[in-house]
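Have a look at the structure below, then the notes.
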There are 2 protein chains.
Amino acid sequence: MAKGLPKRSEDYSLWYNELVKKADLAENSDVRGCMVIKPYGYSIWEKMQRQLDDMFKETGHQNAYFPLFIPKSYLSKEAAHVEGFAKECAVVTHYRLKNDEDGKGVVVDPEAKLEEELIVRPTSETIIWNTYKNWIQSYRDLPVLVNQWANVVRWEMRTRLFLRTAEFLWQEGHTAHATKEEAIKETEQMINIYAEFAEDFMALPVIKGLKSENERFAGAVETYCIEGLMQDGKALQAGTSHFLGQNFAKAFDVKFASQDGKLEHVWGTSWGVSTRLMGALIMAHSDDEGLVLPPKLAPIQVVIVPIFKKDEEKNAIAEVANKLKKSLKNKHISVRFDDRDTHKPGFKFAEWELKGVPLRIAIGPRDLENGTVELARRDTKEKETVSIEGIESVIETKLNEIQESIYNNALNFRNEKTTKVDSYEEFKKVLEEKGGFVSAHWDGTPETEEKIKQETKATIRCIPLDAKEEAGKCIYSGKPSNKRVLFAKAY
Amino acid sequence: MAKGLPKRSEDYSLWYNELVKKADLAENSDVRGCMVIKPYGYSIWEKMQRQLDDMFKETGHQNAYFPLFIPKSYLSKEAAHVEGFAKECAVVTHYRLKNDEDGKGVVVDPEAKLEEELIVRPTSETIIWNTYKNWIQSYRDLPVLVNQWANVVRWEMRTRLFLRTAEFLWQEGHTAHATKEEAIKETEQMINIYAEFAEDFMALPVIKGLKSENERFAGAVETYCIEGLMQDGKALQAGTSHFLGQNFAKAFDVKFASQDGKLEHVWGTSWGVSTRLMGALIMAHSDDEGLVLPPKLAPIQVVIVPIFKKDEEKNAIAEVANKLKKSLKNKHISVRFDDRDTHKPGFKFAEWELKGVPLRIAIGPRDLENGTVELARRDTKEKETVSIEGIESVIETKLNEIQESIYNNALNFRNEKTTKVDSYEEFKKVLEEKGGFVSAHWDGTPETEEKIKQETKATIRCIPLDAKEEAGKCIYSGKPSNKRVLFAKAY
């Protein structure tokens with residue numbers, strides 16, 4: 001199965017693409033830039049969705065659904081927003097096809113032209129704030145805490161499976177509040193939830209921070225983000241939470257009567273994570289043999305592979321395996337007993353390695369005699385023979401250990417790959433030779449950031465929320481700076 | 001809250017529209033034909049989704065995701081299919097906007113015209129079968145049992161909330177099989193699952209049957225359906241399951257090597273239910289006071305309303321209510337304690353009646369003294385005073401009773417409204433005066449069905465799967481017929 005998976009050290013980018021395809025996660029479709037998420041990949045996404053959805057609901061949010069289409073004029077109502085999205089959007093202009101003259105195909109019916117073109121949503125602030133106008137009259141209607149699971153389309157020119165696709169799946173939260181303070185609190189709460197999800201479930205350590213002006217969401221006053229580091233030393237933005245101020249409330253005239261009877265504009269936030277998280281999950285942990293999945297997001301946590309030559313062995317092993325499968329399921333551990341006759345154990349081992357199943361149990365005739373199984377960890381490749389008696393709690397413990405160990409590896413890697421520099425020379429050298437996050441002083445101007453980007457391809461990933469006050473000089477302009485920011489090349 | 005809800009007997013259609021809006025289920029958006037599904041409505045849809053998804057997975061299906069866009073040429077590959085969908089579809093022709101000359105808005109950039117137009121999926125057979133071509137080579141790759149939860153767009157000219165909207169949410173299963181028999185078995189399995197879901201969860205009795213040629217899915221060999229009856233005597237198609245034969249396999253050249261090494265076309269099915277089910281759920285059970293929800297799909301199953309005058313009463317009631325809430329939650333019963341200070345009990349009663357909460361508990365000072373509560377059923381409006389001691393199991397029993405009772409009411413209604421007729425005169429009279437399902441002989445021709453439709457607006461809802469062989473004469477043509485079919489006016 002893993003045949004032909006390139007080594008990370010030789011071609012990281014090719015390794016990623018091939019892994020996504022060979023592990024049955026996703027593939028390119030015939031529609032430019034749109035992917036097909038295959039069942040195995042989708043089952044990981046479903047686990048992410050379920051967990052995030054629970055976290056959103058625990059914090060008082062409800063799901064709703066808004067139209068796929070946005071009237072063209074709505075996009076224009078918030079100046080920065082239209083600037084950010086108009087250049088790469090799918091435009092619906094007609095609502096009917098008709099048979100062409102030779103009767104062999106269909107053509108667009110010119111008589112079925114829309115009066116106003118519709119944009120396939122690249123994000124839903126405009127259509128949602130236009131709706132909120134009708135939902136919000138009084139402080140009693142606030143806060144509005146709504147989330148939507150949906151597909152969105154951004155006409156990206158260069159696409160890569162999961163990381164950047166023309167259509168992608170995501171969730172977008174859109175909330176409305178009576179006060180600035182409450183909206184900021186919400187924005188921060190959601191970036192904290194994303195960080196908790198990334199660290200506790202994806203086993204991906206992330207830096208929480210603010211985006212610089214250049215990287216801010218089109219229409220936001222402030223963008224909070226979480227940034228993770230991939231194994232090739234490039235950063236990946238894994239989630240964003242935007243404080244929108246009153247920008248969209250003003251653009252769509254959303255006002256409320258406050259408790260003391262004044263009419264005021266509502267304060268807003270929006271926040272989202274997407275199928276891009278799948279890319280982060282894959283790139284953060286996997287190796288040259290295939291996926292390494294954190295147990296909490298693995299659709300199959302344990303696979304049981306029988307090893308036998310004779311039919312009576314097969315049946316005896318199946319009996320033990322099915323009993324084990326049942327007792328693990330009772331502990332809410334997801335198990336697959338791979339009893340396919342069409343493939344040899346070696347093939348199965350490679351396949352489940354490729355697909356990142358955290359624990360593999362092999363059972364052979366000698367195991368039956370001894371009351372043991374062979375237990376193999378996907379992440380460390382350690383194998384051991386353990387007694388089948390009481391194995392359920394051994395497996396529970398192992399799964400927790402793997403979850404923790406994957407996280408710690410990623411954290412150690414990030415720590416090694418985070419470098420403080422105090423000169424531009426050093427900055428360029430680190431980026432060139434080592435990669436990773438570079439912590440440096442910056443004068444706070446978009447111009448400096450832009451120049452550094454042009455010269456090195458590195459951007460400011462974030463101004464970490466926990467950055468300490470520290471007097472220093474901008475590595476590029478020499479102007480004074482009072483905190484370090486994190487630069488990196490990024491996905 | 002319920003103020004202004006029209007009576008069903010006076011204007012059923014208006015009653016429905018107002019109920020959908022007033023109960024916070026959905027509303028029309030500014031985008032033609034597209035609705036906003038509000039949080040309360042969406043939470044019912046989520047309960048439906050979760051249950052259906054579990055049923056699909058229990059029968060071996062996996063979820064996946066395919067592109068929103070379908071290249072125009074793909075639609076044309078199956079002749080009947082394009083005929084069915086080309087006339088009402090959203091067409092993407094451009095991928096960019098640019099600023100207009102006066103700088104005030106944005107216009108479509110004529111230079112960003114797509115080489116081939118993309119259709120927003122009205123259903124995904126074409127894009128999915130085009131993908132299956134790469135997934136299926138050998139009998140070992142079969143069956144493919146895939147489902148997708150997605151939005152689809154059909155440019156309907158006359159739309160109604162949930163029942164017929166330009167964009168709607170649905171699931172679409174698409175399976176591929178090695179044999180005709182297996183594909184038919186799958187088609188039947190899925191219509192049985194839909195029927196089970198409708199009856200056991202929606203409390204909606206349905207007739208399982210086959211569609212006549214006129215009503216068949218565009219591209220199917222045979223369409224199975226479930227049909228429910230609404231309170232106004234009109235039928236509603238609640239789900240369909242299509243046996244596609246080899247139509248799409250041939251159109252997209254999907255072949256497999258069989259066990260004896262021959263290359264054969266694959267056999268297919270597709271099946272779907274949509275947010276239309278919300279419309280069926282609302283119309284089947286609700287009354288002039290508002291929604292009546294079956295407990296298994298009610299987002300809130302029990303609401304507790306405190307009744308007090310003094311603050312110390314309030315606190316004492318809250319203590320009891322919170323304790324009760326907790327013990328009900330432990331039994332997986334969803335409870336809302338409505339302790340809002342901003343509204344009076346009468347208002348709350350009306351609001352939760354409107355929203356269809358199956359059981360209401362009211363607790364007042366006298367209840368505290370007596371260790372009782374008032375328990376009110378939404379469906380029958382029966383009230384009784386019950387001891388708070390052991391009330392959890394009383395509530396469990398009541399919820400089951402309500403579920404069953406709603407179903408039985410709907411079943412009795414349908415039985416009353418199903419009439420056997422043997423002449424066209426009688427047929428028209430029943431349709432006119434009584435409505436409902438009319439069971440009649442039909443000669444099996446599309447022409448007769450079409451004429452009856454033109455003259456009476458009734459169509460053949462289905463040829464019931466359990467229809468008995470019975471010699472008879474077509475009510476319209478007098479030609480021989482060997483079984484009765486079900487006619488009705490329909491949504």
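Quick one: count up the residues across the range B:455-483 that are over 21 Å from B:Lys417 (Cα atoms), in contact (Cβ under 8 Å) with a residue 40 or more places away in the chain and of a type in the set (Ser, Thr, Tyr).
Qualifying residue count for the region: 2.
Within the range A:134-146, is even one residue within 11 Å of chain B (Cβ to nearest Cβ), touching a strand residue (DSSP E or B) at 6+ places or on another chain (Cβ under 9 Å), over 27 Å from B:Glu78 (Cβ atoms) and open to solvent by less than 10 Å² (accessible area, probe 1.4 Å)?
Scanning the range A:134-146, I find at least one residue that is within 11 Å of chain B (Cβ to nearest Cβ), touching a strand residue (DSSP E or B) at 6+ places or on another chain (Cβ under 9 Å), over 27 Å from B:Glu78 (Cβ atoms) and open to solvent by less than 10 Å² (accessible area, probe 1.4 Å), so the answer is yes.
Right, A:Leu25: open to solvent by less than 10 Å² (accessible area, probe 1.4 Å), more than 30 Å from B:Tyr132 (Cα to Cα), at pLDDT 95 or above and under 19 Å from the mean Cα position of the chain (by Cα) or not? It would help to see each step written out before you state the result.
On the way: open to solvent by less than 10 Å² (accessible area, probe 1.4 Å): yes; more than 30 Å from B:Tyr132 (Cα to Cα): no; at pLDDT 95 or above: yes; under 19 Å from the mean Cα position of the chain (by Cα): yes.
Taking the combined requirement at face value, the residue does not satisfy it.
Take the residues in the range B:180-216 that are open to solvent by 30 Å² or more (accessible area, probe 1.4 Å) and in a loop (DSSP other than H, G, I, E, B); name whichever of them is modelled with the highest pLDDT.
B:Phe201
Contact list please: Cβ distance under 9 Å, first residue in the range A:91-111 and facing another protein chain (nearest Cβ under 7 Å), second residue assigned to a strand (DSSP E or B) and of a type in the set (Lys, Arg), pairs at least six apart or on different chains.
These pairs meet every condition: A:Thr93/A:Lys113; A:His94/A:Lys113; A:Tyr95/A:Lys113; A:Val106/A:Lys98; A:Val108/A:Lys98.
Give me the strands (runs of 3 or more DSSP E) completely within the range A:257-374, filtered to those with at least 1 residues that are hydrophobic (A, V, I, L, M, F, W, C) and farther than 30 Å from A:Asn247 by Cα, ordered by residue number. It would help to see each step written out before you state the result.
Values: elements: A:263-265, A:267-274, A:302-306, A:335-337, A:359-363.
Filter on the range A:257-374 gives A:302-306, A:335-337, A:359-363.
Output the number of the condition that B:Glu58 fails; it satisfies all remaining conditions of (1) within 11 Å of another protein chain (Cβ to nearest Cβ); (2) without any contact (Cβ under 8 Å) to a residue 40 or more places away in the chain.
Status for B:Glu58: all satisfied but (1).
Anything in the range B:332-353 that is within 14 Å of chain A (Cβ to nearest Cβ) and free of Cβ contacts under 8 Å to residues at least 24 places away in the same chain? List them, or say none.
B:Arg340, B:Asp341, B:Thr342, B:His343
Among the residues of the range A:273-286, which ones are open to solvent by 10 Å² or more (accessible area, probe 1.4 Å) and either without any contact (Cβ under 8 Å) to a residue 24 or more places away in the chain or under 20 Å from A:Tyr224 (Cβ atoms) (or both)?
Scanning the range A:273-286 gives A:Ser274, A:Arg276.
Condition test on A:Ile475, is it surrounded by 18 or more Cβ atoms within 10 Å (Cβ to Cβ), out of contact with any Gly (no Cβ under 7 Å at 6 or more places or on another chain) and either at pLDDT below 95 or within 27 Å of A:Arg164 (Cα to Cα) (or both)? Outline the logic, then answer.
Working: surrounded by 18 or more Cβ atoms within 10 Å (Cβ to Cβ): yes; out of contact with any Gly (no Cβ under 7 Å at 6 or more places or on another chain): yes; either at pLDDT below 95 or within 27 Å of A:Arg164 (Cα to Cα) (or both): no.
No: the conditions fail for A:Ile475.
Could you grab me the full set of residues in the range B:445-454 that are over 10 Å from B:Phe487 (Cα atoms) and touching a residue at least 60 places away in the same chain (Cβ under 8 Å)? Give the derivation first.
First, the residues of the range B:445-454 that are over 10 Å from B:Phe487 (Cα atoms): B:445-448, B:450-451, B:454.
Those that are over 10 Å from B:Phe487 (Cα atoms) and touching a residue at least 60 places away in the same chain (Cβ under 8 Å): B:Pro446, B:Glu450.
Of all residues in the range A:445-462, which are under 21 Å from A:Thr240 (Cβ atoms), surrounded by 19 or more Cβ atoms within 10 Å (Cβ to Cβ) and out of contact with any helix residue (DSSP H, G or I) (no Cβ under 7 Å at 6 or more places or on another chain)?
Within the range A:445-462, A:Arg461, A:Cys462 meet the criteria.
Which numbered condition trips up B:Gly219, out of (1) open to solvent by 20 Å² or more (accessible area, probe 1.4 Å); (2) at pLDDT below 95?
Single failed check for B:Gly219: (1).
So how many residues does the range B:116-127 have that are within 8 Å of chain A (Cβ to nearest Cβ) and either in contact with a Cys (Cβ under 8 Å, 6 or more places away or on another chain) or assigned to a loop (DSSP other than H, G, I, E, B) (or both)?
Restricting attention to the range B:116-127, the residues satisfying the condition of being within 8 Å of chain A (Cβ to nearest Cβ) are B:117-120, B:127.
Then keep just the ones that are either in contact with a Cys (Cβ under 8 Å, 6 or more places away or on another chain) or assigned to a loop (DSSP other than H, G, I, E, B) (or both); that gives B:119-120.
Selection size over the range B:116-127: 2.
Open to solvent by 20 Å² or more (accessible area, probe 1.4 Å) and either closer than 29 Å to A:Pro295 by Cα or under 23 Å from the mean Cα position of the chain (by Cα) (or both) - does that describe any residue in the range A:423-438?
No, every residue in the range A:423-438 fails to be open to solvent by 20 Å² or more (accessible area, probe 1.4 Å) and either closer than 29 Å to A:Pro295 by Cα or under 23 Å from the mean Cα position of the chain (by Cα) (or both).
Give the range B:386-396 a look and list any residue that's assigned to a helix (DSSP H, G or I) and either loosely packed, with under 13 Cβ neighbours inside 10 Å or among the basic types (Lys, Arg) (or both), or say none. Break it down into steps so the answer makes sense when it comes.
Looking only at the range B:386-396, we keep the residues that are assigned to a helix (DSSP H, G or I), and these are B:391-396.
Hit for the range B:386-396 is B:Ser393, nothing else.
Six or more apart or on different chains, Cβ atoms under 6 Å: show the pairs whose first residue is in the range B:294-314 and over 25 Å from B:Lys398 (Cβ atoms) and whose second is of a type outside the set (D, E, K, R).
If the second residue must be of a type outside the set (D, E, K, R), the pairs left are B:Glu313/B:Pro365; B:Lys314/B:Phe308.
Return yes or no: is B:Phe248 part of a helix (DSSP H, G or I) and at pLDDT 95 or above?
Numbers: part of a helix (DSSP H, G or I): yes; at pLDDT 95 or above: yes.
In short, yes.
From the list A:Asp102, A:Asp54, pick out the single residue that is under 30 Å from A:Ala298 (Cβ atoms) and of a type in the set (D, E, K, R). Please lay out each step first, then the result.
Working: A:Asp102 fails: under 30 Å from A:Ala298 (Cβ atoms).
None of the other options fit; the residue is A:Asp54.
Out of B:Lys329, B:Lys383, I need the residue that is of a type in the set (Lys, Arg), open to solvent by 10 Å² or more (accessible area, probe 1.4 Å), without any contact (Cβ under 8 Å) to a residue 40 or more places away in the chain and closer than 15 Å to B:Leu399 by Cβ. Which one? Break it down stepwise before answering.
Numbers: B:Lys383 fails: closer than 15 Å to B:Leu399 by Cβ.
Within the list B:Lys329, B:Lys383, the selection yields B:Lys329.
Out of the range A:287-301, which residues are surrounded by 24 or more Cβ atoms within 10 Å (Cβ to Cβ) and out of contact with any helix residue (DSSP H, G or I) (no Cβ under 6 Å at 6 or more places or on another chain)?
A:Leu291, A:Leu293, A:Ala298
Those residues that are open to solvent by 10 Å² or more (accessible area, probe 1.4 Å) and either over 26 Å from B:Lys250 (Cβ atoms) or more than 7 Å from every other protein chain (Cβ to nearest Cβ) (or both), I need them from the range B:64-90; list them, please.
Of everything in the range B:64-90, those that are open to solvent by 10 Å² or more (accessible area, probe 1.4 Å) and either over 26 Å from B:Lys250 (Cβ atoms) or more than 7 Å from every other protein chain (Cβ to nearest Cβ) (or both) turn out to be B:Tyr74, B:Lys77, B:Glu78, B:Ala79, B:Ala80, B:Glu83, B:Gly84, B:Phe85.
The values are calculated or read from the model by the stated rules, or taken from the named source; none is laboratory data. Keep in mind the model is a prediction, meaning the values are calculated, not measured. Neighbour counts run over all protein chains shown; Cβ positions are idealised from the backbone, glycine included. Ligands, DNA and RNA are stripped out before the accessible areas are found, and what is left, the full protein with its side chains, is counted by its heavy atoms. Shrake-Rupley method; radii C 1.70, N 1.55, O 1.52, S 1.80 Å.
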